[in-house]
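Okay, structure first, notes after.
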Amino acid sequence: MFSKEVIEKYARVMVWGLGTSRRLGGGELKKGDIVMVSYEPGSATLAAAVQKTLLERGIHVLFKAIDTPDIERNFLTYAERDQLVFLTPWSEKMYSSLNGRIGLYAPQSLTHLEGVDPDKIALSYAPYKPLQEITKKREAAGLFSWTLCVMPTDVAAKAAGMSKAEYGKAIIKACYLDKKDPVAEWEKLFIRVEEIKKWLGAMGIKKLHVGSANTDLVLMLGADRKWLGVSGHNIPSFEIFTSPDWRGTEGTYYANVPSFMGGQQVRDMRFVFKKGEVVECSAQQGEEYLRRQTMIDAGAKRIGELSFTDKRFSPIRKYMADTLYDENVGGTYGNCHIAIGKSYLDTYGGKKRMTKKLQEELGFNNSIIHWDVINTEKKTVTATLANGKKKIIYENGMFTM
């Protein structure tokens, strides 16, 4: 299924993604850079191909094994508080030198943390916050970029109601690995999506209303925002997104697509926002975990992202039981997703130097989490423009440009 040729194509696409996201951040992936490749056992073959591609460009490669389900569950079950929040002494120095990170995922379990104390899971995120701050600053300075992808596994395929072979074919199609030159295909898509991003950016949007059978949500776009998409972050990615001003979020949002987060499954999530914050949330499955996640820190109950996928762009048609794919599904009505938690600072389009004070002034949210929750219902998205006029910008799964 994933022949040597396909794996080599996948590796080239991943390095393209890393380089593109770096370029859009004002930098350049170059000889002498240091790139970390994080991988799960099922992606080891791809990790070796990525290593080869990077080495051929004169880039230094570090490997980091991602914890297996057993290792992660043991840690969260038996570790005491000081162990949960422990950060290795050399981590900050290492992250201060990194120029990129590629994540290669191949899930062996999607629900291995069911029954684990949600508070311990939340506490275990704490050591990553200073590392996030380091990479955020380096990314803003054009010194760092990241991307990620997944390999097919039996576990993911079963959760999606497919065979592993079917799941693998869906990945190959979504990443253009069935094409002679997949990187060229991504470049073509980049140009097509750029037109929509410019259209959205030139419109003078002040507010957005997202309406569907179970969603009635108003969001304030915020000053100096720009729309991003096909930026190299995430392979595949067909979404067009921004990080709105969290303070202007009001109403109800419903996520009808199941989500696997932190080794647990959460279904049918409903959020009520008032004055920018979640004041009520519920779920048919995993409700207690959802509630605890929104209390991890002050930003965990605020919005960090708003995203839409145009069904004309995305070849993803089925539920994949993986957020990377499910947030990019085309299907009948495209999809919308919001994220609770961290904003993307690269959606800032102003000319001032981004500082912590400016982040707060513009309503960019800060949190240790970033949880995408997806709605695939038929929806209409209406923009209120700066001149007071209203315009439908997304309907029937497509942008209206």
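Brief remarks on what is shown
- With bins 5 Å wide beginning at 0, the percent of Cα pairs of region 276-401 falling in each bin runs 2, 10, 15, 17, 19, 18, 13, 5, 1.
- Taking the Cα centre of region 341-401 as origin and assigning +1 to Lys and Arg Cβ atoms and -1 to Asp and Glu Cβ atoms, the resulting dipole is close to 320 debye.
- Taking the inverse of the mean 1/r over every pair of distinct Cα atoms in region 1-86 gives a Kirkwood hydrodynamic radius of 14.9 Å.
- Of all DSSP beta bridges in region 4-399, antiparallel share, percent nearest 5: 75 percent
- From largest to smallest, the equivalent ellipsoid semi-axes obtained for region 205-305 from the alpha-carbon gyration tensor read 22, 18, 14 Å.
- Positive-end residue of 41, 271, 362, charge dipole of region 4-399 with Cβ unit charges: 362
- Farthest positive-ward along region 4-399 dipole, Cα basis, beta-carbon charges - from 162, 296, 343: 343
- Assuming charge only on the beta carbon of Lys and Arg (+1) and of Asp and Glu (-1), the dipole of the chain about its Cα centre is about 1420 debye to the nearest 20.
- The share of C-alpha pairs in region 301-366 whose separation exceeds 21 Å stands at 40 percent.
- Within region 55-146, GluC sites (Glu not before Pro) in DSSP loop having at most 14 other beta-carbon neighbours inside 10 Å: 56, 80, 114
- Estimated translational diffusion coefficient (Stokes-Einstein, Kirkwood radius over Cα pairs, 10 °C, 1.306 mPa s) of the chain: 74 µm² per second.
- Put simply, the amide H of residue 249, placed in the peptide plane, has neighbours under 5 Å in 220, 276, leaving out anything fewer than 5 places away on its chain.
- Pairs from 52/179; 198/351; 158/274 whose Cα-Cα separation, in the structure shown, is over 28 Å: 158/274
- Relative intensity, log₁₀ I(q)/I(0), of region 72-226 from a Debye sum that treats every alpha carbon as a point, q = 0.10, 0.14 Å⁻¹: -0.69, -1.29
- Estimated dipole of region 100-148 in Debye, rounded to 20 [Cβ of Lys and Arg +1, of Asp and Glu -1, Cα centre]: 320 debye
- Remark: region 55-68, residue by residue, has Karplus-estimated 3J(HN,Hα) of 4, 5, 9, x, 9, 7, 10, 10, 10, 9, 6, 7, 4, 6 Hz, where x stands for each Gly or Pro and the curve is 6.51 cos²θ - 1.76 cosθ + 1.60 at θ = phi - 60°.
- Take the Cβ atoms of residue 216 and residue 351, set R0 to 35 Å, and the FRET efficiency comes out at 0.50.
Taken together, the values in this text are just the output of simple stated rules run on the coordinates, not laboratory data. Source: prediction; values computed, not measured. Quick reminder, even Gly has a Cβ in these numbers, built from the backbone with ideal geometry, and neighbours come from all protein chains shown.
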